[in-house]
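Let me begin by presenting the structure, written as structure tokens, before commenting on it.
The values are calculated or read from the model by the stated rules, or taken from the named source; none is laboratory data. Being a predicted model, the structure only gives us computed values, none of them experimental. Positions of Cβ are backbone-derived with ideal geometry, glycine not excepted, and every protein chain shown enters the neighbour counts. Heavy atoms of the whole protein, side chains included, go into the accessibility calculation; ligands, DNA and RNA do not. Shrake-Rupley method; radii C 1.70, N 1.55, O 1.52, S 1.80 Å.
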Amino acid sequence: MTIRTPRRAALALVAGGGIVALALAGCSAGGGGGDEGSDEPVTLTLLADNSESTLGPTQAIVDAFNAQSDNITVEVETRPQGAEGDNVVKTRLSTGEMTDIFQYNSGSLFQALNPDSTVLNLEGEEFIDNLSDTFVSAVSTENGVYGVPMGTAMGGGVLYNVGIYEELGLEVPTTWDDFIANSKAVAESGKAGVIQTYGETWTSQLFVLGDFYNVLAEDADWATAYTANERKYVDEPAIKGFEHLQEVFEADVLNEDFASATYDDGLRMVATGEGAHYPMLTFAIPPMVENYPEAAEGVGFFALPGDGPDNGLTAWTPSGLYGSATTEHPEAVKEFFAFVATTEACDAQTEAVGAAGPYLVEGCTIPDDVPKAVADMLPYFETEGGSLPALEFLSPIKGPALEQITVEVGSGIRSAADGAAIYDEDVVKQAQQLGLEGW
């Protein structure tokens with residue numbers, strides 16, 4: 001890993017149609033003290049998933065806050081990731097046993113928490129003005145604003161091993177056919193063409209979720225029509241993501257242990273050159289570089305290619321930090337959130353774990369010299385039309401069984417058509433629970 005002197009540079013997150021364009025307004029965060037009207041020390045608990053990519057920046061924020069706070073101390077607890085972790089969050093919220101603060105997805109999964117009843121409303125708090133409109137929209141309902149960002153904006157695409165590409169004379173693909181051709185060439189060389197890690201099911205979804213830029217490129221109204229029950233995954237163009245999962249399995253380019261390999265295995269394989277391509281969100285870059293320093297220059301990134309000539313990035317807003325509606329210390333929670341919405345909190349995260357993309361807090365910057373995979377991602381954000389939001393930021397609908405279905409399709413257990421049809425049924429109950437028209 002090459003150590004360089006960071007030179008700060010502001011980044012603008014730009015996307016087509018103005019959907020992800022940032023509109024930041026300025027103000028500053030609040031100061032120290034416990035709950036309103038009390039000088040008694042307060043200890044807050046924060047529940048976060050146990051992944052390295054989450055715990056690193058979360059602990060960095062907490063440590064920086066605790067160092068400057070007189071009366072408030074935040075302590076971190078952990079929970080599992082994926083579906084098991086989702087159940088922990090929903091159960092603790094429904095039983096009133098949630099910690100004061102919890103980390104969770106923004107977008108459609110956040111909407112499924114019934115936030116108007118379970119989450120502390122931050123509407124009207126001054127520090128909300130420090131956040132990008134894009135992030136605020138991903139943690140809001142008609143009745144309130146509920147979260148502050150933890151981490152950076154992300155892209156869904158493919159981490160690739162640069163050394164393998166150079167050894168085989170491959171070029172970064174911009175079409176799906178080129179991606180499959182590269183994967184087959186790698187497999188013929190004796191290495192994994194595509195790394196999959198179905199031992200942790202949440203990692204199986206990238207070929208479907210990361211393909212959404214390509215869906216919008218063909219049908220710009222798809223998300224709105226999907227929310228109105230007028231589009232289905234079983235039809236073109238959305239079925240392509242499921243078809244790509246099936247095609248990769250049938251192409252015999254996967255790592256032999258794809259059924260049991262874990263997320264950490266996937267990062268190791270792409271970093272060390274055991275495999276060429278690992279479909280993944282870019283939040284994986286900092287922990288990968290931390291554990292495998294050679295990945296800073298040895299692993300690149302490209303957006304998931306589609307069938308057409310357009311090539312762009314499906315973008316995610318970062319996770320949110322939320323307050324429980326049942327917390328006994330709402331003012332202390334808001335004081336912590338005011339700190340999170342500052343450049344000091346961003347800098348603490350960058351110093352601790354590096355930056356995986358642009359921050360969504362006003363004034364926050366990242367170093368010019370970042371790992372190659374991050375540098376490869378930034379042009380998608382900086383180019384008009386180069387990135388579009390993932391479906392979960394345009395529609396509240398996301399079925400809970402997607403990660404199990406994508407494992408089945410990606411393992412050859414069921415066809416792409418069957419998987420897409422089952423997923424279309426999977427989302428019906430959630431849409432009905434949300435009270436959406438047309439379901």
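Does residue 282 qualify as being out of contact with any Lys or Arg (no Cβ under 9 Å at 6 or more places or on another chain), more than 20 Å from residue 373 (Cβ to Cβ) and crowded, with 17+ Cβ neighbours inside 10 Å?
Working: out of contact with any Lys or Arg (no Cβ under 9 Å at 6 or more places or on another chain): yes; more than 20 Å from residue 373 (Cβ to Cβ): no; crowded, with 17+ Cβ neighbours inside 10 Å: yes.
Against the criterion (out of contact with any Lys or Arg (no Cβ under 9 Å at 6 or more places or on another chain), more than 20 Å from residue 373 (Cβ to Cβ) and crowded, with 17+ Cβ neighbours inside 10 Å), residue 282 does not qualify.
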Requested in this report: Taking the residues in the stretch 110-142 that are farther than 18 Å from residue 327 by Cβ and over 22 Å from the mean Cα position of the chain (by Cα) as candidates, determine which candidate is surrounded by the fewest Cβ atoms within 10 Å (Cβ to Cβ).
Outcome: 142
Report summary line: Filter the stretch 62-109 for residues that are open to solvent by less than 30 Å² (accessible area, probe 1.4 Å) and assigned to a loop (DSSP other than H, G, I, E, B); the one that is farthest from residue 337 (Cα to Cα) is 107
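Mind listing whichever residues of the stretch 332-346 are free of Cβ contacts under 8 Å to residues at least 60 places away in the same chain and either within 11 Å of residue 148 (Cβ to Cβ) or not β-branched (Val, Ile, Thr) (or both)? Lay out the reasoning, then the answer.
First pass over the stretch 332-346, keeping only residues free of Cβ contacts under 8 Å to residues at least 60 places away in the same chain: 343, 346.
Within the stretch 332-346, 346 is the sole residue that qualifies.
Could you look through the stretch 228-273, keep only residues that are polar (S, T, N, Q) and touching a Gly at 6+ places or on another chain (Cβ under 8 Å), and pick out the one that is least open to solvent (accessible area, probe 1.4 Å)? Before you say what the answer is, go through the steps one by one.
Filtering the stretch 228-273 down to residues polar (S, T, N, Q) leaves 229, 246, 255, 260, 262, 272.
Imposing the further condition that a residue be touching a Gly at 6+ places or on another chain (Cβ under 8 Å) reduces the set to 229, 246, 255, 260, 262.
On the way: 229: 50, 246: 50, 255: 8, 260: 81, 262: 44 Å².
Among those that are polar (S, T, N, Q) and touching a Gly at 6+ places or on another chain (Cβ under 8 Å), it is 255.
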Query - Evaluation of residue 238 against (1) touching a helix residue (DSSP H, G or I) at 6+ places or on another chain (Cβ under 6 Å); (2) in a helix (DSSP H, G or I) (one fails), failing number - result: (2)
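For the structure I just gave you, tell me whether residue 290 is closer than 22 Å to residue 351 by Cα and either at pLDDT below 95 or not hydrophobic (A, V, I, L, M, F, W, C) (or both).
Working: closer than 22 Å to residue 351 by Cα: yes; either at pLDDT below 95 or not hydrophobic (A, V, I, L, M, F, W, C) (or both): yes.
Answer is yes for this residue.
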Report summary line: Residue pairs qualifying under the 8 Å Cβ cut-off, at least six apart or on distinct chains, with the first in the stretch 376-387 being polar (S, T, N, Q) and at pLDDT below 90 and the second being in a helix (DSSP H, G or I) and buried (at least 18 other Cβ atoms within 10 Å of the Cβ), are 387/16; 387/213; 387/380; 387/381
**Report entry** Members of the stretch 302-352 that are of a type in the set (S, T, N, Q) and in a helix (DSSP H, G or I)
**Finding:** 343, 349, 350
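Anything in the stretch 143-162 that is of a type outside the set (Val, Ile, Thr), surrounded by fewer than 24 Cβ atoms within 10 Å (Cβ to Cβ) and in contact (Cβ under 8 Å) with a residue 40 or more places away in the chain? List them, or say none. Working first, answer last.
Of all residues in the stretch 143-162, those of a type outside the set (Val, Ile, Thr) come to 143-144, 146-147, 149-151, 153-157, 159-161.
In the following step, the residues that additionally are surrounded by fewer than 24 Cβ atoms within 10 Å (Cβ to Cβ) were identified as 143-144, 150.
150, the sole residue that qualifies.
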Query raised in the report: In the set 225, 295, which member is open to solvent by less than 60 Å² (accessible area, probe 1.4 Å) and within 21 Å of the chain's Cα centre (by Cα)?
Result: 295
Query raised in the report: If you scan the stretch 381-403, which residues turn out to be open to solvent by 40 Å² or more (accessible area, probe 1.4 Å) and either within 18 Å of residue 151 (Cβ to Cβ) or in contact with a helix residue (DSSP H, G or I) (Cβ under 6 Å, 6 or more places away or on another chain) (or both)?
Result: 393, 394
Query - residue 299 modelled with pLDDT of 95 or more, hydrophobic (A, V, I, L, M, F, W, C) and under 19 Å from residue 197 (Cβ atoms) - result: yes
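Check every one of the helices (runs of 4 or more DSSP H) wholly within the stretch 353-439 and list those with 1 or more residues that are charged (D, E, K, R) and over 28 Å from residue 230 (Cβ atoms).
Values: elements: 372-382, 402-410, 416-433.
Qualifying helices (runs of 4 or more DSSP H): 372-382.
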Report summary line: Just one listed residue, out of 353, 333, 340, is at pLDDT below 95 and either open to solvent by less than 30 Å² (accessible area, probe 1.4 Å) or not small (Gly, Ala, Ser) (or both), and it is 353
Report summary line: Scanning the stretch 368-379 residue by residue, those open to solvent by less than 20 Å² (accessible area, probe 1.4 Å) and not β-branched (Val, Ile, Thr) turn out to be 373, 377
Query raised in the report: How many residues, within the stretch 344-365, are touching a strand residue (DSSP E or B) at 6+ places or on another chain (Cβ under 7 Å) and more than 17 Å from residue 130 (Cα to Cα)?
Result: 4
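Quick check, is residue 308 open to solvent by 20 Å² or more (accessible area, probe 1.4 Å) and small (Gly, Ala, Ser)? Break it down into steps so the answer makes sense when it comes.
Numbers: open to solvent by 20 Å² or more (accessible area, probe 1.4 Å): yes; small (Gly, Ala, Ser): yes.
Taking the combined requirement at face value, the residue satisfies it.
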